[in-house]
Amino acid sequence: MKDSLTEYLIAASGERKVPDTLYTQKGEKVTAAEQWEQVRRPEVLALFREHVYGVNPVERPDSLSFNIVETKEGMMGGKATRKQVDISFEGPGGKGTIRLLLFVPSKQKKPVPAFLLINKRGLDHMDPEREKRSGYWPAESIVERGYAAAVFWTNDVDPDEHDEFKNGVHGIFDDKERPSNAWGTIGAWAWGASRVMDYLEADSDIDADRVAVAGHSRTGKTALWAGAVDERFAFVISNDSGNTGAAISRGKIGETINQINTKFPHWFNENYKTYNDKEFDLPIDQHMLLSLIAPRSVYVASATEDEWADPKSEFLSLVYATPVYQLYGFNGLGTNQFPQPESPIIGDKMGHHIRIGKHNLTQYDWEQFINFWDQIDK
Ligand code: GCU
């Protein structure tokens, strides 16, 4: 295991030089966790807010309320209790509600740890009755392994369309004049995940110190940002998150910043568009996003047929984030060799696998996330 960032860069990527996370804006080298937390971490977080994901106009609104719409025992053949909770808020532009669907293992001693999925695929994938099931959110398997399965739908927070920020939480909280660093839709979804966390903290069935936030693709980007901003998430899972998710942007294959900003102009802030075709001018790269999760657990999953996301660039983020984990005495993956397909790495606070197949979130992926957390959590 190499111990300096420069050695990582040369060993893992040859020419692809990324910014060194461990130099402060004053040019001082960060050598201790305390210095990271007090000086450099806030700098890096501010850079991501300013140049990429945006600044939120509000965090937890005073108006936030939880309404437990239903608690139903005897679900999943008696193995789970179902809860449906409306998480509501109000701002100058109106009211909004996020519906949380939660299955808690019945027989297990409470509180239990939980996996929270940020679901973009709609209600078919979070059927409360469990008539429709898919590997995208295998709630039965999660419960079987002793974790609560929680999910919310991104549309409740902000519909995934470019409407000049009229609908969703933008319409509720934004000022009329949106500054060039104002939050976009991914920032809004991450905000939604934090509001769900506000509820989970208040639910005595849930161990709020052991909540994982997970997402696939655009919600994988969201999970990483949510985990970076909100340190209450103990474990952050990115599945096939690709560009502006886990993948290093400099030298990335597949989707570029220009392409993502052109096709999805509402996802990030306006400032990010000034980096179209100028990845090398960014003051950050995506390994620094993963670094913000340290010393908590982070898992990056990829798929062999997902060139658009670029599995190697996703893997490199973990490698390049390792020096920050080392400040806390954790070794990360323990390797900078890109692994064989379906040979998961359960490292020291870092996990990784590359599944055989296409861009998707599957039962196989979930099994690896759960295996990782079973080991880390014991
Ligand atoms: C598009 C987009 C990706 C995104 C993906 C998804 O392919 O270009 O950045 O991750 O959609 O969310 O499935």
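Taking a 23 Å limit on the Cα-Cα distance, which of the listed pairs 166/358; 120/349; 83/349; 79/358; 176/273; 17/263 fall beyond it?
Numbers: 166/358 34 Å; 120/349 27 Å; 83/349 31 Å; 79/358 32 Å; 176/273 21 Å; 17/263 27 Å.
In this structure, 166/358; 120/349; 83/349; 79/358; 17/263 lie more than 23 Å apart at Cα.
Along the Cα→Cβ direction, 7 angstrom out, place labels at residue 144 and residue 371. What is the inter-label distance in nm?
1.5 nm
Can you give the helix-only mean residue ellipticity at 222 nm for the chain, where every DSSP H stretch with n ≥ 4 adds -39500 (n - 2.57) and the sum goes over all residues, rounded to the nearest 500 deg cm²/dmol?
Rounded to the nearest 500, it is -8000 deg cm²/dmol.
Residue-wise, which Karplus ³J(HN,Hα) couplings in Hz belong to segment 197-204, taking 6.51 cos²θ - 1.76 cosθ + 1.60, θ = phi - 60°, and x for glycine or proline?
4, 4, 5, 4, 4, 8, 9, 6
Which ³J(HN,Hα) values in Hz, rounded to whole numbers, follow from the phi angles of segment 319-330 under the Karplus curve 6.51 cos²θ - 1.76 cosθ + 1.60, where θ = phi - 60° and Gly and Pro get x?
3J(HN,Hα) across segment 319-330, in whole Hz: 4, 6, 7, 4, x, 6, 4, 5, 4, 9, x, 9.
Could you tell me what fraction of 2.2 N^0.38 Å the Cα radius of gyration of segment 53-198 comes to, as a two-decimal ratio?
1.12
Leaving out same-chain residues fewer than 8 places away, which aspartates and glutamates sit with a Cα under 18 Å from that of residue 312?
Within the straight-line cut-off, residue 312 pairs with 7, 15, 240, 255, 279, 285, 342, 365.
Among the GluC sites (Glu not before Pro) within segment 23-98, which fall in a DSSP loop and have no more than 14 other Cβ atoms within 10 Å of their own Cβ?
Answer by residue number: 28, 59.
Could you pull the Cα extents of segment 280-378 along its three principal axes, largest to smallest, in whole Å?
41, 34, 20
Which residue fluctuates the most in the chain, going by a Gaussian network model with Cα springs under 10 Å, if the choices are 75, 126, 288?
75
Using R₀ = 45 Å, calculate the FRET efficiency as 1/(1 + (r/R₀)^6) where r is the Cβ-Cβ separation of residue 47 and residue 106; round to 0.05.
0.50
Between residue 72 and residue 95, what FRET efficiency follows from the Cβ-Cβ distance if R0 is 30 Å, with the result rounded to 0.05?
It comes to 0.70.
Long-range amide H contacts for residue 206: which residues qualify at under 5 Å (H placed 1.01 Å from N, peptide plane, sequence gap of 5 or more or a different chain)?
Distant-sequence amide H within range of residue 206: 112.
With a 1.4 Å probe and all protein chains kept in place, how much accessible area does residue 116 have, in Å² rounded to the nearest 10?
0 Å²
How many percent of the accessible area of segment 223-289 is carbon or sulfur, using a 1.4 Å probe?
So the carbon and sulfur contribution to the accessible surface is 52 percent.
Calculate the radius of gyration of the Cα atoms of the chain to one decimal place, then report Dmax, the largest Cα-Cα distance, as a whole number, both in Å.
Rg then Dmax for the chain, in Å: 19.7, 59.
With a 1.4 Å probe and all protein chains left in place, how much accessible area per residue does the chain have, in Å²?
Numbers: 14710 Å² over 378 residues.
It amounts to 39 Å² per residue over the chain.
The values are calculated or read from the model by the stated rules, or taken from the named source; none is laboratory data. Predicted, not measured: the structure shown is a model, and the values here were computed from it. Quick reminder, even Gly has a Cβ in these numbers, built from the backbone with ideal geometry, and neighbours come from all protein chains shown. Note: areas computed on protein heavy atoms with side chains; ligands, DNA, RNA excluded. Shrake-Rupley method; radii C 1.70, N 1.55, O 1.52, S 1.80 Å.
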